[in-house]
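First up is the structure itself, then whatever we jot down about it.
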Amino acid sequence: MGNRRKSRELTLQVLYQAEVNGSEPLAQFTPFCENFQVNPKIVPLAQELLAGITERSVEIDAQISQHTKNWRVGRMSIVDRNLIRLGAYELLYRGDVPSTVAINEAIEIAKRYSTDDAPSFINGILDAIRHGQGQ
């Protein structure tokens, strides 16, 4: 597994922890990395992703809400919601990440951290966001 994938997984883990603890994700980042002895090579990208998702969380959640049918963001599982946020952030704000890569990475991480139904659910929402943005 490459360092970019590991960075995305670290981002998901910190988002999850912050949501469960009711704290700010950026405040959780350094203690999380220290407690779990995270590889320093994956920290810069994970920190960048986490900062971007946090900074644009309202816009990202609005995009997710706009492209879901009968699902409020708050009803999604914590893992799925944060994987969709991560994928949506890369789709919408990271021009250096091809849309297919952003979606495929979210799907592959979902296979590891979520339910059997999650990959298709996440794919559907991220694909709708991608097409809604004209990419």
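The values are calculated or read from the model by the stated rules, or taken from the named source; none is laboratory data. Because the structure is a prediction, the values reported are computed rather than measured. As a convention, Cβ positions derive from the backbone with ideal geometry for all residues, glycine included, and neighbour counts pool all protein chains shown.
Among the residues of region 85-135, which ones are surrounded by 15 or more Cβ atoms within 10 Å (Cβ to Cβ), outside any helix (DSSP H, G or I) and hydroxyl-bearing (Ser, Thr, Tyr)?
Across region 85-135, the qualifying residue is only Ser114.
Let's see how each residue does on (1) under 16 Å from the mean Cα position of the chain (by Cα); (2) among the charged types (D, E, K, R); (3) closer than 19 Å to Met1 by Cα:
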| site | (1), (2), (3) |
| --- | --- |
| Ala46 | yes, no, yes |
| Asn70 | no, no, no |
| Arg81 | yes, yes, no |
| Gly87 | yes, no, yes |
| Leu92 | yes, no, no |
| Val97 | yes, no, yes |
| Ile107 | yes, no, yes |
| Ile122 | yes, no, no |
| Ile125 | yes, no, no |
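Return the residues of region 100-131 that are without any contact (Cβ under 8 Å) to a residue 40 or more places away in the chain and touching a His at 6+ places or on another chain (Cβ under 8 Å); say none if nothing qualifies.
Once the filter is applied, which keeps residues that are without any contact (Cβ under 8 Å) to a residue 40 or more places away in the chain and touching a His at 6+ places or on another chain (Cβ under 8 Å), region 100-131 yields nothing.
So which pairs qualify, if the first residue must be in region 61-80 and modelled with pLDDT of 85 or more, the second must be surrounded by 12 or more Cβ atoms within 10 Å (Cβ to Cβ) and of a type in the set (D, E, K, R), the Cβ gap must be under 6 Å, and the two must be at least 6 apart or on different chains?
Going by the 6 Å Cβ cut-off, the qualifying pairs are Ile78/Glu19.
Mind counting the residues in region 21-38 that are part of a loop (DSSP other than H, G, I, E, B) and on the phi < 0 side of the Ramachandran plot? Working first, answer last.
Of all residues in region 21-38, those part of a loop (DSSP other than H, G, I, E, B) come to 22-24, 36-38.
Filter once more, keeping what is on the phi < 0 side of the Ramachandran plot: 23-24, 36, 38.
Number satisfying all stated conditions: 4.
For Arg4, work out the one condition from (1) loosely packed, with under 13 Cβ neighbours inside 10 Å; (2) touching a residue at least 24 places away in the same chain (Cβ under 8 Å) it doesn't fulfil.
Only one criterion is unmet by Arg4, namely (1).
Suppose we keep only residues that are among the polar types (S, T, N, Q) and assigned to a loop (DSSP other than H, G, I, E, B) within region 42-84. Which one would you say is surrounded by the most Cβ atoms within 10 Å (Cβ to Cβ)? Full working, then the answer.
Of all residues in region 42-84, those among the polar types (S, T, N, Q) come to 47, 54, 57, 63, 65-66, 68, 70, 77, 82.
Next, only the ones that are assigned to a loop (DSSP other than H, G, I, E, B) stay: 68, 70, 77.
Working: Thr68: 18, Asn70: 5, Ser77: 14.
Among those that are among the polar types (S, T, N, Q) and assigned to a loop (DSSP other than H, G, I, E, B), it is Thr68.
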